[in-house]
Amino acid sequence: MRVSGPDGVDQVTAPPTTLPSTPPGSRRVVIRPADRQCVPLPVKAEPGARVLASVESSRHDSADHYPSAAQRGRPSRRAFLAGAAAVGAVGWTPTFRGTPASAQATCAPPPNFPSSIPMYQQAYRNWSGMVVVDDVWTCAPASAADVVTLANWAYANSYRLRAQGKGHGWSPLVLPAGSTGAGYLLVDTTQHLTSVSVSPVAPATVTAQTGITMDTLVSAVAASGHGLAAIPAPGDLTLGGVLAIGGHGASIPAHGETRLAGQSYGSLSNLIVSLDAVIWDAGAGRYVLKTFHRSHPDIRAFLTHLGRAFITGVTLQMAASQAMRCQSWVDISAADLFAPPSQAGSRSFAGYAVSSGRAEAICFPFTGNPWLKVWTLAPRQPWLSRKVTSPYNYPFTSTTSAENSLVAEVATGDPSGTPALETAQVGVVDAGLIATSSWDLWGEWQNVLRYVPANTEPVVQAGWAVLTSRSSIQQVVSDFYAKYSSLVTSYAGRGKYPMNGPIEIRCTGLDHSAESVVTGAQSPILSAVRPRPDHPEWDVAVWMDMATVPVTPDYSQFYADMESWIWSHYTGRYGAVRPEWSKGFACTASAPWTDSTILGSTIPAAVSAGRPAGDDWAAAVSLLHSYDPHAVFSNPFLDTLMS
């Protein structure tokens, strides 16, 4: 197998496809940041607790090596409370629900509201807790017809509607930071817009309303004997939310793999066969429900719409079910996994990604060995693998109170525990894989591709996709890791530790219309993985995310520094950058999503590059506006982005 960078080609060998008989981490150690002392990990201890028990001591042992909170200054009480809220958001539910007539209601209800649709007032927050609205009016439509009724009511009463799913997103596509909720009505799709049905007749399809969770959708697809090539790792997402931002998994065709009928290696938006959208009918002078088939030219703007439209239902194509093996490695150094192509050996990230087609690397700052997961198609259970019949097989990734305590301390402005925290996180993974016998799993696709539970720690993530050729995958990840590590070191040298979560690297295919079962299928204009016709050699996307607790000092400046480098580095024949819509982008020192130049020119240019007029950013904006000229389905952030 050959892996090349922008300037040449270098030889590497394919990685091994089986795990050694000794479980990963069976002789693992924790490296204390202060004195680099090796502390053996007793593999039979409860994962997580045993590692974290020594972290506090390790952190205080190294106190002289890091600036104190007093030296750095603490954030405001408001920031402290925000940080505590972010860390404690697991399982968060609204603190109250008040009806229009309730004494709990804090402001006047929207006027002239349809009496047939239940409405109530409750708090709203996004996943990271960066957007919190204490009391916003919300309703739960029982049908797509109710959504149409709501749209016409909103138009007549100068309100805006925002579809509300599970809130598992970061970017301000529902409500922006600082919103009071005035003039907005949240439309909760998860209570009633949840029907699903499967049509097994070729081409096999599944039809679902957009309030259904991915867990429910995936279960229905799997129960029918069908499958999807890749899905997002969490299942507590709504289908509507996933499609709005072009949600994805981690899948490219492995060397020698033949794509099954109905499969797509790009985003889930590329699976859409048809969709139902609430749109403005100029002739009727009202909003109506309209079905768009994949061959309709205007569907290009709806396939990935960023919340600028309201989709009530979709039909997706399916493929045959496939069994997979998922192996975890924690004994490969970052230096080997992310080595420059000229130095890459058999354990390079590109080697695993290309040979298996499915790989993910998670790497914490201040640590040496990432957690690498590799999925391989395996019709029969390998003798080393443990069979699984349900998803979420890494229980040690769930947030514990001990972890929350450490993260909260970092979030409130004392960074001295950051290196110890990262070492503990790696220790939890190492020990957890052993304690749960989950280093080598085998099962049907739906049980190994879903692995992020709902109670993981809520952090903020910034993310981008780099379109490139598979021969350049190693160069892309090597350059990214080198820059990230250099910047982390530079900040640490100044007593700053803005990153306390991991980076995550995955690869997907692109949204090729040829992978659709529909003749004449249109491609999603706003998809981050829409192909570039002027660069047919770019056949993959490398997704690169960075996570941290949202109130960590200097985190957004760090994001801005990385983002500036990303946009300027992956250019020319090497590749092209697109934002990951659900995460942080357009970062400044103050916050993500606030760089007016990136929002107003960089992103539109990136989406339009290589595309003719009428099939570019301006075309998507124009189409979405034409079907919602009154901007009922919008908010101030989207108004700015799509101005």
Exercise for review: With r as the distance between the Cβ atoms of Cys107 and Ser437 and R0 = 60 Å, compute the FRET efficiency 1/(1 + (r/R0)^6) and round to 0.05.
Suggested key: 0.65
Point to revise | Pairwise FRET efficiency - Asp534 versus His625, Cβ, R0 = 22 Å, nearest 0.05 | key: 0.25
Revision key, fill the gap. Residue separation between Asn157 and Ser333 times 0.36 nm, minus their alpha-carbon distance, gives in nm 57.4 nm
**Study point:** Percent breakdown of C-alpha pair distances by 5 Å bin, ordered from the shortest bin, for segment 468-581
**Key:** 2, 10, 19, 21, 16, 12, 9, 6, 3, 1, 1, 0
Review point. Chymotrypsin sites (Phe, Trp or Tyr not before Pro), restricted to segment 517-621: which are DSSP loop and have at most 15 other Cβ atoms within 10 Å?
Key: none
Point to revise | FRET efficiency for Lys290 and Lys483, using Cβ-Cβ distance with R0 set to 35 Å, rounded to 0.05 | key: 0.15
Check your understanding: In what order, largest first, do His625, His512, His535 sit by accessible area if the probe radius is 1.4 Å?
Key -> His625, His512, His535
Study note, to complete from the structure: For segment 519-565, shape from the Cα gyration tensor axes a ≥ b ≥ c, cut at a/c of 1.5 then a/b versus b/c, turns out prolate
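Can you bin segment 130-242 into rounded, prolate or oblate? Criterion: square roots of the alpha carbon gyration tensor eigenvalues sorted a ≥ b ≥ c, rounded for a/c under 1.5, prolate for a/b above b/c, oblate for the rest.
It comes out oblate by the Cα gyration axes.
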Point to revise | Paramagnetic reach from Glu257 in segment 508-525 [backbone N under 11 Å; point 7 Å along Cα→Cβ] | key: 508-509
Exercise for review: Could you work out how far apart the two model spin labels at Ser199 and Asp281 are, taking each label as a point 7 Å from the Cα in the direction of the beta carbon, and quote it in nm?
Suggested key: 2.3
Point to revise | List Ile566, Ile245, ordered by accessible area with a 1.4 Å probe, largest first | key: Ile245, Ile566
Review point. Where a ≥ b ≥ c are the square roots of the eigenvalues of the C-alpha gyration tensor, would you call segment 450-522 rounded, which needs a/c under 1.5, or, failing that, prolate if a/b is larger than b/c, or oblate?
Key: oblate
Revision key, fill the gap. Given unit charges at Cβ for Lys, Arg (+) and Asp, Glu (-), the dipole magnitude of segment 548-623 about its Cα centre in debye, nearest 20, is 200
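The values are calculated or read from the model by the stated rules, or taken from the named source; none is laboratory data. Predicted model only: the values in this text are computed from it and were never measured. When we count neighbours, we look across all protein chains shown, and the Cβ atoms used for this are built from the backbone with ideal geometry, even at glycine. For the accessible areas, the whole protein counts, side chains as well, though only heavy atoms, and no ligand, DNA or RNA atoms are used. Shrake-Rupley method; radii C 1.70, N 1.55, O 1.52, S 1.80 Å.
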